[in-house]
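Visitor: First, the structure itself, so that you have it in front of you.
The values are calculated or read from the model by the stated rules, or taken from the named source; none is laboratory data. None of the values given here were measured: they were computed from a predicted structure. Here Cβ is always computed from backbone atoms with ideal geometry, including for glycine, and neighbour counts include all displayed protein chains. Calculation scope for accessible area: heavy atoms of the full protein, side chains included, ligands and nucleic acids excluded. Shrake-Rupley method; radii C 1.70, N 1.55, O 1.52, S 1.80 Å.
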Amino acid sequence: MNSVSKFAFLFSIFIVACQSKSPDVSSKTSENHISVSYSDDLNFENLDGRLLLVLSDNNNEEPRFQVTNNLKAQPIFGKNVNQLKPNEHVVFTEDDFGFPYESLSDVKPGTYYAQAVLHVYETFNLSTGQMVKLPMDNGEGQQWNKSPGNLYSKPVKIEISKNSVPNIDLVMDQVISEIVEPEDTEWIKHIKMKSELLSKFWGRDMYLGAHVLLPKGFNEHPEAKYPLMVFQGHFPSDFGGFRTTPPDPNLKPEYSDRFGIDGYNIIQQEEAYNFYKRWNEPDFPRFLIIEIQHPTPYYDDSYAVNSASQGPYGDALTYELIPYIEKMFRGQGEGWSRFLYGGSTGGWEALAVQVKYPEEYNGCFAACPDPIDFRAYCLNNIYEDDNAYFARSNHKILEIPSHRDYLGNVSATVKDDNYLELVLGDKSRSGGQYDIWEATYSPQGEDGYPQRIWDKYTGEINHEVAAYWKENYDLRHILERDWDKLGENLKGKIHIYCGDMDNYYLNNAVYLMEDFLESTTDPYYDGEVDYGNRAEHCWNGDQENPNYISRLRYNSMYVPKIMKRIMASAPEGADLTSWRYK
């Protein structure tokens with residue numbers, strides 16, 4: 001057998017082994033188990049959802065808050081339940097799929113704290129004709145461990161021995177309470193509106209929301225009409241980074257593991273107060289700034305575009321929510337006066353919305369965007385690679401990383417991320433990063449759920465689905481394909497920033513996008529692409545300050561460039577004066 005044939009043989013053994021251990025295949029039996037039920041005192045009945053069993057080797061906090069994909073991972077196992085009744089027992093055995101251990105029988109012996117959580121699903125009758133079961137957002141931004149209405153048990157201390165778990169019964173007798181919505185203030189208003197477009201798609205009333213920061217003098221200048229800045233990003237519980245009082249002098253300093261900074265909570269309050277002062281300075285332009293709430297049954301936000309499985313969120317945001325806000329708060333209401341910015345998910349959204357609605361917005365500032373060229377889907381090329389989890393050659397198989405620090409130290413892999421998501425929910429229902437990309441970019445399957453870009457267990461890529469992604473959501477491809485139609489409306493509007501040591505390797509796609517943008521002619525794109533030296537996620541274009549500071553200044557750092565763009569591009573007769581008061 002030659003080396004190529006031998007490799008193919010070995011890799012096929014690996015795939016067969018994976019399939020034989022697939023979470024959909026039962027191959028083991030055990031007398032020991034952990035059983036879960038919920039109390040009839042809760043007054044629930046016939047519940048659908050994802051039942052999760054979490055184990056933690058410490059009681060620093062509840063196990064449900066210790067689930068992660070990195071080296072601090074704690075064991076978690078998951079399975080679907082349908083029409084579960086009170087006091088009905090669901091048994092977890094070694095056949096049930098988990099992460100980072102695939103089976104309960106593999107869990108390292110020791111003392112653990114066990115907790116059960118039921119992530120409740122609701123039924124949606126889609127306009128496409130399918131019926132799907134998904135978790136409705138309940139004001140928390142699609143966080144299964146914090147979602148109001150989810151059931152959970154109190155942690156129980158257990159002992160796990162080699163190849164054996166104790167026979168115990170966990171009773172879910174707790175319900176996560178409702179979230180208190182923020183109240184309006186002098187500066188910040190909170191709005192919620194029913195979307196007719198989304199309600200029609202989902203077969204029930206669906207709502208969009210926003211936190212609106214008003215400019216200085218809003219009430220004193222009723223004649224003023226304001227430009228709009230749209231801050232894209234993950235679900236915001238309130239408008240962030242704005243504080244009308246100095247930092248709390250009694251605030252206890254907290255250490256930031258991410259940035260290695262002591263007292264980062266104090267820095268955050270200082271920056272928020274500094275922005276408030278800057279917002280009120282005489283020379284600061286008067287804008288409306290909004291942070292939008294658009295969680296879906298799949299994730300904490302919709303990715304702000306139309307999609308087969310999530311519905312017309314792009315149209316709903318651009319043609320329903322934004323005009324609604326502009327009418328309520330005296331926005332200019334014209335494309336020249338609207339700007340998009342954000343980082344990570346918000347970076348992708350800012351660029352995608354600008355590309356898909358080129359005349360409705362006048363510029364985007366996309367920091368550390370999620371992959372904008374799927375030839376660099378993090379470290380995967382979904383068009384040419386066969387497997388998302390492993391790089392392979394004639395003689396070696398290498399697991400593909402998904403997260404690094406600025407020195408290149410790897411803490412998680414693509415397989416890790418996807419296996420954890422597979423535990424949290426099948427059919428793209430985990431609320432995780434890879435699943436929302438799938439829910440946004442994929443065609444809808446016959447069952448109403450998104451088609452998989454790859455087999456969630458083996459990592460084998462579906463190139464037919466990848467081709468659909470390319471034509472509909474690969475932003476670099478779309479720009480290159482349609483530049484003759486889009487170019488004039490995008491000239492001067494595209495600004496992209498990324499650290500060259502982005503934790504998720506997002507800079508790789510930015511390089512490919514830059515190659516195309518710099519090649520453009522008739523017209524030249526006339527925008528900006530910039531990189532932060534050794535900067536991690538989510539560097540946003542500030543070459544003078546460290547990442548932990550600049551990430552707190554999104555709402556002011558692009559204003560000079562926005563003003564320059566307005567003055568250079570506003571159409572004849574545009575209102576450039578009513579909002580320029582001191």
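Visitor: Say we look at the range 330-378 and pick out the residues that are out of contact with any Phe, Trp or Tyr (no Cβ under 6 Å at 6 or more places or on another chain) and hydroxyl-bearing (Ser, Thr, Tyr); which of these is farthest from GLY541 (Cα to Cα)?
Guide: Applying the filter and picking the extreme gives TYR357.
Visitor: Name the residues in the range 477-487 that are within 13 Å of GLN354 (Cα to Cα) and either open to solvent by 20 Å² or more (accessible area, probe 1.4 Å) or touching a strand residue (DSSP E or B) at 6+ places or on another chain (Cβ under 6 Å) (or both), would you?
Guide: Once the filter is applied, which keeps residues that are within 13 Å of GLN354 (Cα to Cα) and either open to solvent by 20 Å² or more (accessible area, probe 1.4 Å) or touching a strand residue (DSSP E or B) at 6+ places or on another chain (Cβ under 6 Å) (or both), the range 477-487 yields only LEU486.
Visitor: Looking at LEU118, LEU71, LEU84, LEU104 in this structure, which one is in contact with a Gly (Cβ under 6 Å, 6 or more places away or on another chain) and either open to solvent by 30 Å² or more (accessible area, probe 1.4 Å) or farther than 29 Å from TYR504 by Cβ (or both)?
Guide: Exactly one residue qualifies, and that residue is LEU118.
Visitor: Still on this structure, please answer the following. Which residue is nearest to the chain's Cα centre (by Cα), if the candidates are limited to the range 565-579 and must be open to solvent by 30 Å² or more (accessible area, probe 1.4 Å) and under 16 Å from ASN362 (Cα atoms)?
Guide: The selected residue is ARG565.
Visitor: Among the residues that make up the range 233-240, is at least one of them out of contact with any His (no Cβ under 8 Å at 6 or more places or on another chain) and modelled with pLDDT of 95 or more?
Guide: No, every residue in the range 233-240 fails to be out of contact with any His (no Cβ under 8 Å at 6 or more places or on another chain) and modelled with pLDDT of 95 or more.
Visitor: Could you grab me the full set of residues in the range 379-399 that are under 17 Å from ASN462 (Cβ atoms) and out of contact with any Gly (no Cβ under 8 Å at 6 or more places or on another chain)?
Guide: Scanning the range 379-399 gives ASN380, ASN381, ILE382, TYR383, GLU384, ASP385, ASP386.
Visitor: For residues that are open to solvent by 80 Å² or more (accessible area, probe 1.4 Å) and touching a residue at least 12 places away in the same chain (Cβ under 8 Å), tally how many sit in the range 527-550.
Guide: Going through the range 527-550, the residues open to solvent by 80 Å² or more (accessible area, probe 1.4 Å) turn out to be 533-534, 543-544.
Of the ones still in play, those that are also touching a residue at least 12 places away in the same chain (Cβ under 8 Å) are 533-534, 543.
The number of residues fulfilling the criteria is 3.
Visitor: Among the helices (runs of 4 or more DSSP H) lying completely within the range 526-582, list those that include at least 2 residues that are of a type in the set (Ser, Thr, Tyr) and at negative phi.
Guide: Helices (runs of 4 or more DSSP H) meeting the threshold: 547-550, 554-557.
Visitor: Residues that are closer than 21 Å to LYS157 by Cβ, among the acidic types (Asp, Glu) and either touching a strand residue (DSSP E or B) at 6+ places or on another chain (Cβ under 6 Å) or open to solvent by 40 Å² or more (accessible area, probe 1.4 Å) (or both): does the range 58-67 have at least one?
Guide: There is at least one residue in the range 58-67 that is closer than 21 Å to LYS157 by Cβ, among the acidic types (Asp, Glu) and either touching a strand residue (DSSP E or B) at 6+ places or on another chain (Cβ under 6 Å) or open to solvent by 40 Å² or more (accessible area, probe 1.4 Å) (or both).
Visitor: Among (1) surrounded by 24 or more Cβ atoms within 10 Å (Cβ to Cβ); (2) more than 26 Å from LYS194 (Cα to Cα), where does TYR341 come up short?
Guide: Exception for TYR341: condition (2).
Visitor: While we're on this one: Taking into account only those residues within the range 236-269 that are of a type in the set (Phe, Trp, Tyr) and out of contact with any Leu (no Cβ under 7 Å at 6 or more places or on another chain), which is surrounded by the most Cβ atoms within 10 Å (Cβ to Cβ)?
Guide: TYR264
Visitor: What is the residue count in the range 391-415 for residues that are under 16 Å from TYR434 (Cβ atoms) and either crowded, with 16+ Cβ neighbours inside 10 Å or under 21 Å from the mean Cα position of the chain (by Cα) (or both)?
Guide: Number of matching residues: 8.
Visitor: Now for a separate question. Going residue by residue through the range 108-115, is there one that turns out to be surrounded by 14 or more Cβ atoms within 10 Å (Cβ to Cβ), among the aliphatic types (A, V, I, L, M), in contact (Cβ under 8 Å) with a residue 24 or more places away in the chain and in a strand (DSSP E or B)?
Guide: For the range 108-115, residues surrounded by 14 or more Cβ atoms within 10 Å (Cβ to Cβ), among the aliphatic types (A, V, I, L, M), in contact (Cβ under 8 Å) with a residue 24 or more places away in the chain and in a strand (DSSP E or B): present.
Visitor: Would a scan of the range 173-194 turn up a residue that is under 26 Å from the mean Cα position of the chain (by Cα), open to solvent by less than 30 Å² (accessible area, probe 1.4 Å) and closer than 18 Å to ALA272 by Cβ?
Guide: Applying the first criterion (under 26 Å from the mean Cα position of the chain (by Cα)) to the range 173-194 yields 175-183, 188-194.
With open to solvent by less than 30 Å² (accessible area, probe 1.4 Å) added as a condition, the list becomes 176, 188, 191, 193.
Subsequent filtering for residues that are closer than 18 Å to ALA272 by Cβ retains 188.
Taking every residue of the range 173-194 in turn, at least one turns out to be under 26 Å from the mean Cα position of the chain (by Cα), open to solvent by less than 30 Å² (accessible area, probe 1.4 Å) and closer than 18 Å to ALA272 by Cβ.
Visitor: Something else: Looking at the range 313-330, can you tell me whether even one residue there is open to solvent by 10 Å² or more (accessible area, probe 1.4 Å), assigned to a loop (DSSP other than H, G, I, E, B) and either closer than 24 Å to GLU488 by Cα or free of Cβ contacts under 8 Å to residues at least 12 places away in the same chain (or both)?
Guide: Looking for residues that are open to solvent by 10 Å² or more (accessible area, probe 1.4 Å), assigned to a loop (DSSP other than H, G, I, E, B) and either closer than 24 Å to GLU488 by Cα or free of Cβ contacts under 8 Å to residues at least 12 places away in the same chain (or both), one finds none in the range 313-330, hence no.
Visitor: Okay, moving on. Please work out which residue is farthest from ALA412 (Cα to Cα), limiting yourself to the range 504-525 and to residues that are free of Cβ contacts under 8 Å to residues at least 40 places away in the same chain, open to solvent by 50 Å² or more (accessible area, probe 1.4 Å) and in a loop (DSSP other than H, G, I, E, B).
Guide: Applying the filter and picking the extreme gives ASP522.
Visitor: Separate question: Please enumerate the residues belonging to the range 76-95 that are at pLDDT 95 or above and over 16 Å from LEU170 (Cα atoms).
Guide: Within the range 76-95, ASN80, ASN82, GLN83 meet the criteria.
Visitor: Name every residue in the range 87-99 that is surrounded by fewer than 18 Cβ atoms within 10 Å (Cβ to Cβ) and in a loop (DSSP other than H, G, I, E, B), in order of residue number.
Guide: ASN87, GLU88, HIS89, listed by residue number.
Visitor: Here's a follow-up. Please work out if GLU196 is among the acidic types (Asp, Glu) and in contact (Cβ under 8 Å) with a residue 60 or more places away in the chain.
Guide: Yes.
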